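Novice: Submitted below is the structure of interest, expressed as structure tokens.
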Amino acid sequence: MKVGLISDVHGNRVALETVLEEMPSVDRLLCAGDVVGYNPWPAECVDELRERDVPTVMGNHDAAVAGETPSRFNGMARAGVEYAEAQLSDDQLAWLADLPTERHACDGRVKLVHGHPDDPDRYTRYTYPREFSPRLLEDEDVLVLGHTHVQGVRKYAEGIVVNPGSVGQPRDGDPRAGYAVVDLEAMAVDTYRVEYDVDAVQEAVREAGLPERIGSRLARGK
């Protein structure tokens, strides 16, 4: 079974559509959270995942938009949250509010979280061995997490820990949208980057009245 992995879409419809068009054929698609926030298409991104029935976990921006957590965001992030709150329907907000903070898929072989398995708001960076370690794994073969917007894969005897990177706002210096595909039979992960129309997103950010930096940072992957 091949499973597509996405995370941190952050309302970037242009990037999401490009990723879904370019992704190799997979048997299942999973999302590690933060469907909304920052960019100007929160409703469209929610609808895309709902229509595809994509198992998704709640990210910190999803939680804030759904009113599940108090705000701890800077001005740019808060603007994205407030914009999403205004754009989403009651039904879309309810979908966000119902997302779990963790879930299993593929007969329990894959576990999805957003941040650290013990704390959805904690950044778990693959560059820090003590953070990105086999201790993160439990009974699953593959642990999928997001939140950092940085791709990473670590293979251990116990299984694989993978961050597919961010679809809508990469932060590793590469502006291309990130995603991953895991082959559960071969226990192998391929990471991908795909170019999308950043200029179109920047223009939409301006038209929506969102902070200009939301768009400008996309070109730098920061």
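The values are calculated or read from the model by the stated rules, or taken from the named source; none is laboratory data. The structure displayed is predicted, hence computed values, not measured ones. Cβ placement follows ideal geometry from the backbone for every residue including glycine, while neighbour counts extend to all protein chains displayed.
Novice: Give me the residue from the range 92-116 that is surrounded by fewer than 17 Cβ atoms within 10 Å (Cβ to Cβ) and touching a helix residue (DSSP H, G or I) at 6+ places or on another chain (Cβ under 9 Å) and, out of that set, modelled with the highest pLDDT.
Specialist: ALA97
Novice: Tally the residues that are part of a strand (DSSP E or B), in contact with a helix residue (DSSP H, G or I) (Cβ under 7 Å, 6 or more places away or on another chain) and aliphatic (A, V, I, L, M), restricting the search to the range 175-222. Talk me through it step by step, then tell me what you get.
Specialist: To start, the set of residues in the range 175-222 that are part of a strand (DSSP E or B) comprises 177-183, 188-194.
Checking the rest, the ones that are also in contact with a helix residue (DSSP H, G or I) (Cβ under 7 Å, 6 or more places away or on another chain) come to 177, 179, 194.
Going one step further and asking which of them are aliphatic (A, V, I, L, M), we end up with 177, 194.
Within the range 175-222, residues that are part of a strand (DSSP E or B), in contact with a helix residue (DSSP H, G or I) (Cβ under 7 Å, 6 or more places away or on another chain) and aliphatic (A, V, I, L, M) number 2.
Novice: Identify all residues within the range 84-125 that are outside any strand (DSSP E or B) and within 18 Å of GLU48 (Cβ to Cβ); write none if there are none.
Specialist: Filtering the range 84-125 for residues outside any strand (DSSP E or B) gives 84-101, 106-109, 114-115, 117-118, 120-125.
Within the range 84-125, ALA84, GLN87, LEU88, SER89, ASP91, GLN92, LEU93, ALA94, TRP95, LEU96, ASP98, LEU99 meet the criteria.
Novice: Given the options GLU158, GLU138, GLU82, GLU131, name the one that is farther than 15 Å from TYR38 by Cα and free of Cβ contacts under 8 Å to residues at least 24 places away in the same chain.
Specialist: Numbers: GLU158 fails: free of Cβ contacts under 8 Å to residues at least 24 places away in the same chain; GLU138 fails: free of Cβ contacts under 8 Å to residues at least 24 places away in the same chain; GLU82 fails: farther than 15 Å from TYR38 by Cα.
After applying the criteria, what remains is GLU131.
Novice: How many of the residues in the range 46-79 are charged (D, E, K, R), without any contact (Cβ under 8 Å) to a residue 24 or more places away in the chain and surrounded by 15 or more Cβ atoms within 10 Å (Cβ to Cβ)?
Specialist: Going through the range 46-79 one residue at a time, the tally reaches 1.
Novice: Restricting to helices (runs of 4 or more DSSP H) lying wholly in the range 1-69: which have 2 or more residues that are in contact with a strand residue (DSSP E or B) (Cβ under 7 Å, 6 or more places away or on another chain)?
Specialist: Working: elements: 13-22, 42-51, 60-65.
Counting at least 2 such residues, we get 13-22.
Novice: In the range 147-174, what residues are in contact with an Asp or Glu (Cβ under 8 Å, 6 or more places away or on another chain) and either under 24 Å from GLY80 (Cβ atoms) or assigned to a loop (DSSP other than H, G, I, E, B) (or both)?
Specialist: Taking the range 147-174 and keeping what is in contact with an Asp or Glu (Cβ under 8 Å, 6 or more places away or on another chain), we get 147, 149-151, 159-160, 165-169.
Answer for the range 147-174, where residues must be in contact with an Asp or Glu (Cβ under 8 Å, 6 or more places away or on another chain) and either under 24 Å from GLY80 (Cβ atoms) or assigned to a loop (DSSP other than H, G, I, E, B) (or both): HIS147, HIS149, VAL150, GLN151, GLY165, SER166, VAL167, GLY168, GLN169.
For every residue, the table says whether it meets (1) within 24 Å of TRP41 (Cβ to Cβ); (2) of a type in the set (A, V, I, L, M).
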residue: ALA105; (1), (2): no, yes
residue: GLY115; (1), (2): yes, no
residue: VAL150; (1), (2): yes, yes
residue: VAL167; (1), (2): yes, yes
residue: TYR192; (1), (2): yes, no
residue: ALA200; (1), (2): yes, yes
residue: GLU203; (1), (2): yes, no
residue: GLY209; (1), (2): yes, no
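Novice: If a residue must be within 20 Å of GLY115 (Cα to Cα) and out of contact with any Leu (no Cβ under 7 Å at 6 or more places or on another chain), how many such residues does the range 50-79 contain? Lay out the reasoning, then the answer.
Specialist: Applying the first criterion (within 20 Å of GLY115 (Cα to Cα)) to the range 50-79 yields 54-74, 77-78.
From the residues that got through so far, the ones that are out of contact with any Leu (no Cβ under 7 Å at 6 or more places or on another chain) too are 59-61, 63-64, 67-74, 77-78.
Qualifying residue count for the region: 15.
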